[in-house]
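The structure appears right after this line, and notes come after that.
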Amino acid sequence: MEKIVFIGYKPFAGKETELAALLEIHWQTLKIESLVTDRRPIIVKAEDETVIEVFGWKSKEAMELAHSNKIVLDMWNEFSKVCEYVPVGERSEMKELFSEFKPLN
């Protein structure tokens, strides 16, 4: 069963462009590895510059498989060089009845 996830990426200073480039290939890489559904990701930016990505894993098992997939782990290592992962629920927009964000692209 598909699992929809929301992931918050807070770019390090001066690393916004590199984060955007990684996000361009993130879902595609997961798709090539047969870990995500055909549902295209939604990628938005919060007021505090946090980038939020929403996409669907194929299943809980697919999520777990990603953590032992060398290609995925190498890609995630690149993410760790340009951002930190942050809880999406702590963004000020998420406290509103209708949470509004800017599209990243």
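The values are calculated or read from the model by the stated rules, or taken from the named source; none is laboratory data. Quantities reported herein were computed from a predicted structural model and do not represent experimental measurements. For the accessible areas, the whole protein counts, side chains as well, though only heavy atoms, and no ligand, DNA or RNA atoms are used. Shrake-Rupley method; radii C 1.70, N 1.55, O 1.52, S 1.80 Å.
Observations on the structure shown:
- Shape category assigned to the stretch 12-58 from the gyration tensor of Cα positions, a/c cut at 1.5: oblate
- Taking the longest Cα principal axis of the chain as reference, the axis of helix 16-32 is set at about 30 degrees.
- With Cα atoms, 0 to 90° folded angle of helix 70-82 axis to the chain main axis: 20
- Taking every lysine pair in the chain that is 8 or more places apart or spans two chains, those with Cα atoms closer than 16 Å amount to 13.
- The residues of the chain expose, per residue, 62 Å² of accessible area to a 1.4 Å probe.
- List Y9, Y85, ordered by accessible area with a 1.4 Å probe, largest first: Y85, Y9
- The chain: relative contact order as a whole-number percent, Cα under 8 Å and 6+ apart: 40
- Fraction of accessible area attributable to carbon and sulfur, the chain (%, probe 1.4 Å): 57
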